Amino acid sequence: FTSSFLYSIETQHTIGYGGRATTTECPLAIIVMSLQSIIGVFIEACMTGIVFAKFTKPTHRAKTILFSNNALVTMRNGAFYLLCRIGDLQPTHLIESHISAYMVRKSVTEEGEEIPHHLFAIEFGTDLDGTQDFFQLFWPIVLSHRIDEASPLWSVSPTDLITEKFEIILTMEGTTPETGNNIQVRTSYLPSEILWGYKFEHSCVHFNADLGKYEVSFETLNTIIKDNTPCMSPESYEEQKKAEQGEVPAISTPANSSPAIQKTFCAKARHKNKVHKLPGQTE
């Protein structure tokens, strides 16, 4: 057994001491040696891949994720939204990309406790209404946050961005398909980096007629367009809209007209119209 074990090690690691060798007189030893060489190569390759995957950190992979330089406030379908754009430079995209966002600002409780760095969780997504936080980065996409009553930006106006002190932190998580490791990419936006009344130009994807395929360009990742978003806070905009809807002119009733007939489910009309009889007609 000792001699066979030493011969197996010498074969696997190509250690040639010259004391043992296979001959044509033992075909079984030749078959065993061939099987060990083939299986040993596969085992060494698998072990090398496992060790490499465990000790390799995709630090450089995070550098291929780009965020827009500025966040924008615009209107979509009658509501205010906070927008930013994200793109992936690599042709092999991340798996199960997910976005999460927080706002860091000072908060004061009803009892007077001051929390200087409170985290407000805000929802970002790829849909037009700000939902769907899982996405695929096939091309640069726009992430949106709907500014409603639950948003910490509900009462913020364009002039407030000059004096407000807060920071919006966005974190994108994804899985690399090569090694299966998770990566995190983080960016933040200060009030001075938020532009009011702008939207992104959707020109990153265009069709190349010569090649017959779509092309993705990252040169216009930060290209923005001025729009007609109202220069007021979403809260003030909703109050103004409700006030305009409440000022509906009342419908005046002519002086000679009869009063309206009011009916209910269980009662008859309170007023009846007069019945005009024709000449010679009896009841």
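The values are calculated or read from the model by the stated rules, or taken from the named source; none is laboratory data. Bear in mind the structure is a predicted one, so any value in this text is a computation, not a measurement. Quick reminder, even Gly has a Cβ in these numbers, built from the backbone with ideal geometry, and neighbours come from all protein chains shown. All accessible areas refer to the heavy atoms of the entire protein, side chains included, with ligands and DNA or RNA removed. Shrake-Rupley method; radii C 1.70, N 1.55, O 1.52, S 1.80 Å.
Read through the list (1) over 26 Å from Pro152 (Cβ atoms); (2) at pLDDT 90 or above; (3) open to solvent by 70 Å² or more (accessible area, probe 1.4 Å), then give the number of the only condition that Thr223 fails. It fails just one condition, (3).
When every residue of segment 227-235 is checked against the conditions, at least one turns out to be outside any loop (DSSP other than H, G, I, E, B) and modelled with pLDDT of 90 or more. Residues that are acidic (Asp, Glu) and in contact (Cβ under 8 Å) with a residue 40 or more places away in the chain were ranked within segment 80-128; the one that is surrounded by the fewest Cβ atoms within 10 Å (Cβ to Cβ) is Glu96.
Summed over segment 226-240, the residues that are of a type outside the set (Asp, Glu) and open to solvent by less than 80 Å² (accessible area, probe 1.4 Å) give a count of 7. With respect to the conditions (1) more than 11 Å from the chain's Cα centre (by Cα); (2) open to solvent by 50 Å² or more (accessible area, probe 1.4 Å), Leu72 lacks only one, and its number is (2). Scanning segment 105-136 for residues that are part of a strand (DSSP E or B) and under 28 Å from Glu239 (Cβ atoms) turns up Arg105, Lys106, Ser107, Val108, His118, Phe120, Ala121, Ile122, Gly125. Per the conditions (1) open to solvent by 60 Å² or more (accessible area, probe 1.4 Å); (2) in a loop (DSSP other than H, G, I, E, B); (3) within 30 Å of Val51 (Cα to Cα), the sole criterion not satisfied by Gly180 is (1). Considering (1) in contact with a Pro (Cβ under 8 Å, 6 or more places away or on another chain); (2) more than 28 Å from Lys226 (Cα to Cα), the lone condition that Trp154 does not fulfil carries the number (2).
Taking the criterion of being outside any loop (DSSP other than H, G, I, E, B) and open to solvent by 30 Å² or more (accessible area, probe 1.4 Å), the residues of segment 152-177 that qualify are Asp160, Ile162, Thr163, Glu167, Ile169, Glu173, Thr175. Within this structure, Ile162 fails the test of being under 15 Å from Val104 (Cα atoms) and hydrophobic (A, V, I, L, M, F, W, C).
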